[in-house]
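The values are calculated or read from the model by the stated rules, or taken from the named source; none is laboratory data. The model shown is predicted, which means the values in this text are computed figures rather than measured ones. Every residue, glycine as well, gets a Cβ built from its backbone with ideal geometry; the counts of neighbours run over all protein chains shown.
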Amino acid sequence: MTIAITGATGQLGRLAIAALKARGATPIALARSPEKAADLGVPVRTFDYRSADPAALAGVETLVLISSNDFDDRAGQHARVIAAAKAAGVGRIVYTSILKGDASPMKYLAADHIATEATLKASGLPATILRNGWYTENYTGSLGAALAHGAMIGAAGDAPLSTAARKDYAEAIAVTALDAAHAGQTYELAGDTAYTMADLAAEVARQSGKPVAWVPMAEADYAKALEGFGLPAGFAAALADSDASAQKGALHDTSRTLSRLIGRPTTPFAETVRAALA
Ligand SMILES: NC(=O)c1ccc[n+]([C@@H]2O[C@H](COP(=O)([O-])OP(=O)(O)OC[C@H]3O[C@@H](n4cnc5c(N)ncnc54)[C@H](OP(=O)(O)O)[C@@H]3O)[C@@H](O)[C@H]2O)c1
């Protein structure tokens, strides 16, 4: 089976390629800058979401479409990729969407995923929708600042956060891309065990031996703080909205679908903290 994967040079794409290789597959890496994919040890084709040349998808049976990290017309980029897949005769698309899809309370970040799920449905192409919850690394990526200031800030309050490590979601990509029986399925993927930001701050303090407090903020104040760190106003508002949406259950899931798919428990948040502090 010929599998190709977009976003191959990104953090999730790299882990998905490793997970596919570990299962004996040799996927094709699709990258807008092929030189960045040279170390992946798999065939590389040039592919940009914006131009989406169907020729790059020749012979591909299953296309893994990792959502773009470019928020300038992200849904349009995905639609061009889906149209190219159809033109090239791709048999199935595996798409990385967002937890809860059209039921997500997130105002901004969910919109492109909802649009892309609709585009996929309208295309008639068999699809597997992986509705990914948050990566634990979204929080552990900024532990340096938390340790420097002795505080973690955000608008999630005491919301339950069912996050999982990127490598867990990457394995779900490999499992579902390799088995056509997942066609037509939509999976809600998240960590097995929920925690709160206060739990996370306490764990960082425990492992680092340094004081780290959880400082909950109102959504508008958190957006202003993010702007103060240099984020563009629109992106700061989207991140603050996604954080506050956790209080409406946006990041909570008890289905354990991810661990069932990958055949092992999801990575505990304490382990991701340990890796980040190492
Ligand atoms: N669930 C979550 O918690 C969460 C968190 C953050 C993001 N996400 C979403 O999940 C996706 C994967 O996460 P990640 O951590 O792997 O993100 P990432 O490391 O930022 O990787 C994004 C990938 O998209 C590629 N890309 C961007 N614009 C492109 C274009 N026009 N044409 C072709 N490729 C393009 C990048 O290529 P280059 O290497 O050339 O830049 C990179 O390979 C993100 O893109 C985002 O949509 C989810």
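Tabulated results
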| item | result |
| --- | --- |
| The one condition in (1) surrounded by fewer than 16 Cβ atoms within 10 Å (Cβ to Cβ); (2) in contact with an Asp or Glu (Cβ under 6 Å, 6 or more places away or on another chain) that Arg74 fails to fulfil | (1) |
| Yes/no for Arg92 being within 11 Å of the ligand (Cβ to nearest atom) and either in contact (Cβ under 8 Å) with a residue 24 or more places away in the chain or not acidic (Asp, Glu) (or both) | no |
| Filtered residues of the stretch 239-278 (kept if touching a Gly at 6+ places or on another chain (Cβ under 9 Å), of a type in the set (Ser, Thr, Tyr) and part of a helix (DSSP H, G or I)) | Ser259 |
| Given (1) within 12 Å of the ligand (Cβ to nearest atom); (2) assigned to a helix (DSSP H, G or I); (3) within 28 Å of Met1 (Cα to Cα); (4) among the aliphatic types (A, V, I, L, M), number of the condition Ala110 does not satisfy | (3) |
| The stretch 110-121 residues that are in contact (Cβ under 8 Å) with a residue 40 or more places away in the chain, paired with ones that are surrounded by fewer than 20 Cβ atoms within 10 Å (Cβ to Cβ) and of a type in the set (A, V, I, L, M) (beta carbon under 8 Å, 6 or more apart) | Asp112/Ala75; Ala115/Ala75; Thr116/Ala75; Thr119/Ala75 |
| Members of the stretch 19-39 found to be surrounded by 17 or more Cβ atoms within 10 Å (Cβ to Cβ) and closer than 24 Å to Thr136 by Cα, listed by number | Ala19, Leu20 |
| Residue in the stretch 8-18 that is within 15 Å of the ligand (Cβ to nearest atom) and more than 23 Å from Glu137 (Cβ to Cβ) present | no |
| Of residues in the stretch 131-171 being more than 12 Å from the ligand (Cβ to nearest atom), under 21 Å from the mean Cα position of the chain (by Cα) and hydrophobic (A, V, I, L, M, F, W, C), the one modelled with the lowest pLDDT | Leu143 |
| Single condition Ser33 does not satisfy, out of (1) over 23 Å from Glu171 (Cα atoms); (2) more than 9 Å from the ligand (Cβ to nearest atom); (3) in contact with a strand residue (DSSP E or B) (Cβ under 9 Å, 6 or more places away or on another chain) | (2) |
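Conditions tested, residue by residue: (1) in contact with a Phe, Trp or Tyr (Cβ under 7 Å, 6 or more places away or on another chain); (2) buried (at least 24 other Cβ atoms within 10 Å of the Cβ).
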site	(1), (2)
Leu120	yes, no
Pro126	no, no
Glu137	no, no
Thr140	no, no
Ala148	no, no
Ala155	yes, yes
Thr196	no, no
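So that you can scan it fast, the table gives a plain yes or no per residue for (1) free of Cβ contacts under 8 Å to residues at least 40 places away in the same chain; (2) over 27 Å from Gly13 (Cα atoms); (3) in contact with a Lys or Arg (Cβ under 8 Å, 6 or more places away or on another chain):
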| residue | (1), (2), (3) |
| --- | --- |
| Thr176 | no, no, no |
| Ala180 | no, no, yes |
| Ala183 | no, no, yes |
| Gly191 | no, no, no |
| Ala194 | no, no, no |
| Met217 | no, yes, no |
| Leu231 | yes, no, no |
| Asp241 | no, no, yes |
